[in-house]
Amino acid sequence: MHFPRTGKLAQQKAMWIDCGIHAREWISPAFCLWFVHHSLSFYQQNSEITRILDSMDVYVLPVMNPDGYKYTWTRRWWRKNRSISKSGFCVGVDLNRNFDVDWVKGSSQNPCEEINCGPFPESEPEAQAVANFLRRHKDTVQLYITIHSYSQMFIFPYSYTFDQAENHNDLMVQEAAQRIKRYYRNTYTYGPGAATLYPCSGGSDDWAYKLGIKYSFTFELQDRGEYGFLLPPSHISGACNEALLAVKTIAVKVLEKTQAPANHHTI
Ligand code: 0X9
Ligand code: ZN
């Protein structure tokens, strides 16, 4: 889905959100639709979404892994896509291990495993399509967000190494977490992936960052383990609203940080 920006600013900016990389994380595709609904319903009513849509092209991929997602309708715990391995013995590649960033290290080439990274980087059509799109649009896309669940975390690069990323993105996520606490009384932690969650390579966030998209985040939505992937329908609106607040907080921050300096005319 593509919302072209409504404003006619000279400088072209864009943001990208994808959902549903992992099949069983059902709150994730729900969030993408929540975001689209909010954008369509509250443009010119809510100041933040209006500002975002006025200034940025917004690209939304509601389900990156549609085959896996469909499969979870009968096998609820499936995570990977549904690609058939060469040996034909096992099915599925973890798309969040298939991106071309330090590929294979810390994941598995065994197609029977949950974190199988595939036979080679971008072997999977889903990862390749996203990578191709972002490569084509890398000059305009300044913000990459990928939505997962669960654990209530905002992760930023790197995950493939413990090195600190050049623009350590903690301030933006700190503000997002603070606003969630203030408005929804819910706790989100944040930090670089390797140190905060676990080290792992081949992820889309690190790949997007290394492509040059300097604001790159993985969101892990509700909850913190009580229901896990089986988040009940009554929690959907709360989970989506707080994530929406975080997306808007970060997008507005990116707009502020990347604003072209005003033209000063000397007399
Ligand atoms: O392991 C993952 O792919 C993500 N966690 S999940 O429980 N949703 O599977 C975290 C991804 C963090 N980023 C990278 N590892 N690059
Ligand atoms: Zn995930």
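The values are calculated or read from the model by the stated rules, or taken from the named source; none is laboratory data. Please read these numbers as outputs of a predicted model, since none were measured by experiment. Here Cβ is always computed from backbone atoms with ideal geometry, including for glycine, and neighbour counts include all displayed protein chains. For the accessible areas, the whole protein counts, side chains as well, though only heavy atoms, and no ligand, DNA or RNA atoms are used. Shrake-Rupley method; radii C 1.70, N 1.55, O 1.52, S 1.80 Å.
Going by the conditions given, is S123 within 30 Å of A14 (Cα to Cα), in contact (Cβ under 8 Å) with a residue 24 or more places away in the chain, more than 16 Å from the chain's Cα centre (by Cα) and more than 12 Å from ligand 1 (Cβ to nearest atom)? Considered against the rule, which asks whether it is within 30 Å of A14 (Cα to Cα), in contact (Cβ under 8 Å) with a residue 24 or more places away in the chain, more than 16 Å from the chain's Cα centre (by Cα) and more than 12 Å from ligand 1 (Cβ to nearest atom), S123 comes out as yes.
Within the range 162-170, the presence of a residue that is within 16 Å of ligand 2 (Cβ to nearest atom), at pLDDT 95 or above and under 19 Å from W103 (Cβ atoms) is excluded.
If I filter the range 194-208 for residues that are open to solvent by less than 40 Å² (accessible area, probe 1.4 Å), under 19 Å from L255 (Cα atoms) and under 17 Å from the mean Cα position of the chain (by Cα), do I get at least one hit? Taking every residue of the range 194-208 in turn, at least one turns out to be open to solvent by less than 40 Å² (accessible area, probe 1.4 Å), under 19 Å from L255 (Cα atoms) and under 17 Å from the mean Cα position of the chain (by Cα). Against the condition in contact (Cβ under 8 Å) with a residue 60 or more places away in the chain and out of contact with any Pro (no Cβ under 7 Å at 6 or more places or on another chain), how does V141 come out, does it pass? It is true that V141 is in contact (Cβ under 8 Å) with a residue 60 or more places away in the chain and out of contact with any Pro (no Cβ under 7 Å at 6 or more places or on another chain). So in the range 176-206, with the set limited to residues that are in contact (Cβ under 8 Å) with a residue 40 or more places away in the chain and not in a helix (DSSP H, G or I), which one is farthest from ligand 2 (Cβ to nearest atom)? The qualifying residue farthest from ligand 2 (Cβ to nearest atom) is N186. Applying the criterion of being open to solvent by 50 Å² or more (accessible area, probe 1.4 Å) and either within 14 Å of ligand 2 (Cβ to nearest atom) or among the aromatic types (F, W, Y) (or both) to the residues of the range 116-159, the residue that is nearest to Y69 (Cα to Cα) is Y150.
Of everything in the range 1-36 that is at pLDDT 95 or above and open to solvent by 40 Å² or more (accessible area, probe 1.4 Å), the residue that is nearest to ligand 2 (Cβ to nearest atom) is W26. Quick one: in the range 227-251, which of the residues that are assigned to a helix (DSSP H, G or I) and touching a Lys or Arg at 6+ places or on another chain (Cβ under 6 Å) is nearest to M56 (Cα to Cα)? The extreme case among them is T249. Would you be able to say whether some residue in the range 75-85 is buried (at least 20 other Cβ atoms within 10 Å of the Cβ), in contact with a strand residue (DSSP E or B) (Cβ under 8 Å, 6 or more places away or on another chain) and closer than 30 Å to P119 by Cβ? Yes.
Being hydroxyl-bearing (S, T, Y), touching a helix residue (DSSP H, G or I) at 6+ places or on another chain (Cβ under 7 Å) and open to solvent by 10 Å² or more (accessible area, probe 1.4 Å) holds for only one residue in S39, S55, and it is S55. Within the bounds of the range 36-46, is there any residue that is in contact (Cβ under 8 Å) with a residue 60 or more places away in the chain and over 30 Å from D139 (Cβ atoms)? Scanning the range 36-46, I find no residue that is in contact (Cβ under 8 Å) with a residue 60 or more places away in the chain and over 30 Å from D139 (Cβ atoms), so the answer is no. Take the conditions (1) part of a loop (DSSP other than H, G, I, E, B); (2) open to solvent by 10 Å² or more (accessible area, probe 1.4 Å); (3) more than 16 Å from ligand 2 (Cβ to nearest atom); (4) touching a Pro at 6+ places or on another chain (Cβ under 9 Å); V101 misses just one of them, which is (2). Within the option set T249, T218, being within 16 Å of ligand 1 (Cβ to nearest atom) and among the hydroxyl-bearing types (S, T, Y) holds for one residue only, T218. Only residues that are within 13 Å of ligand 1 (Cβ to nearest atom) and of a type in the set (A, V, I, L, M) were counted in the range 155-172, giving 2.
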